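What follows is a set of notes on a single structure, which appears directly below.
Readers should treat all values here as calculations from the given coordinates under stated rules, not as data from a laboratory. All values derive from a computational prediction rather than experimental measurement. Cβ atoms come from the backbone with ideal geometry, glycine included; neighbour counts cover every protein chain shown.
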Amino acid sequence: MKQVRQIILAIAMLLLIVGCQQEAQREPEVQKPKADQSEKEKTEEIEKENVEEEKVEDVAEIEEVVKARGIENYPVSLYDETTFDLDGDGEEEQIEMYVNAEQDEKGEFAWDDGHNWLFVVKDGDQTYPLYDGWVQLGTLKFWVIETDETPMVILLKTGTAEFTLQTFTYNNVEQGFIKETQFNPEFVNFFYHSK
Ligand SMILES: [Ca+2]
């Protein structure tokens, strides 16, 4: 009886050893396809990210083309104006910024918490509204510059928790101004701004 037990125990041990050996042999085979799968997934993820980045870039490139349109209502006050040849045809365009805030006799604006602003480029009978909307607790400022011989209008909008810098360049093919947002951070808290 004792011998039988020993034989059974020996067989059991043998089976266990053989089983472990087979497991050990199998292990790399099991892991290999896993590793391949993982690499494949990684590659696919990277490719997916690249495609998504390309999409984002595409959106940024053609963010918006501001086309000429009729303006029905102009805000009451002409806030600032200048002229510059923005489309390179040798004739200057009229650049005008309007705000819906009254001015007193001295030219001082009666500022409220928010106003409608309109910022346009006029080229003959064509009017391009570069900005047309409300600004809450903030203001619009613009610059006209040339960079690498390309004329450009820069618009800075500050408002409640907002600080947005946009550029506008005229495009002959699109027959309008290409609008690009260069800076528009989220969750802005203002602490100070200079004079
Ligand atoms: Ca022009």
Point to revise | Sorted by Cβ density within 10 Å, fewest first, the residues 180, 91, 186 | key: 186, 91, 180
**Study point:** Derived scalar couplings ³J(HN,Hα) [the stretch 173-182; Karplus, 6.51 cos²θ - 1.76 cosθ + 1.60; whole Hz; x for Gly, Pro]
**Key:** 5, 7, 6, x, 9, 7, 9, 10, 8, 8
